[in-house]
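K.L.:
Okay, handing you the structure first.
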Amino acid sequence: MLVSGVRRKVSLTTDHVGAIAKLLGFAEHGIQILMAMHKFTSLGDPAPNTPKWFAAVQVIQLAEDPYWLHKATKEVARHWRNKSKLRQPSLAGRAD
C-alpha cells in the first residue's frame, strides 16, 4: 500500500506494539489492557499464546478517531484506578 509515496505495511504484528502504542498515544501496556477489554482486536481468531496481527489501516483509523481514543483512554484509566484500589489497604479495621 502506498501512502504519500511511502510504502506502509498492510499488517503489523505484536513485535510492533511499541509503534502501535506510540501512534495511538498509549504506553505498550495500555495496548495489552485494551486487547484484554476487547477494545483493540487483532486479525483472525488467534490462540492466546500466539503472535497477533493487526491491520495497519485499522490502527491508523483508530488513531484519527477522537471518540474511540476518548473511550480507550477512559478504559485504561479505569483499569489502573481499579488496580490501585485493590492494592490499597482497607481503612475500615484501623483503630486510631
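K.L.:
For each of D15, D65, count neighbouring Cβ atoms within 10 Å of the residue's Cβ, then give the residues from fewest to most.
P.N.:
D15, D65
K.L.:
Once you've got the Cα coordinates, tell me which of K22/K85; K39/K83; K52/K83 are over 24 Å apart.
P.N.:
K22/K85; K52/K83
K.L.:
Here's something else I'd like to know. What does the charge count near T14 come to, summing +1 for each Lys or Arg and -1 for each Asp or Glu among other residues with Cβ under 13 Å from its Cβ?
P.N.:
Surrounding charge for T14 is -1.
K.L.:
For region 8-87, how big is the tail of P(r) above 23 Å, as a whole percent of Cα pairs?
P.N.:
20 percent
Only the coordinates and a few stated rules stand behind these numbers; no lab work does. What you see is a predicted model; the values in this text were computed from it and never measured. Cβ: placed from backbone, ideal geometry, glycine included. Neighbour counts: every protein chain shown.
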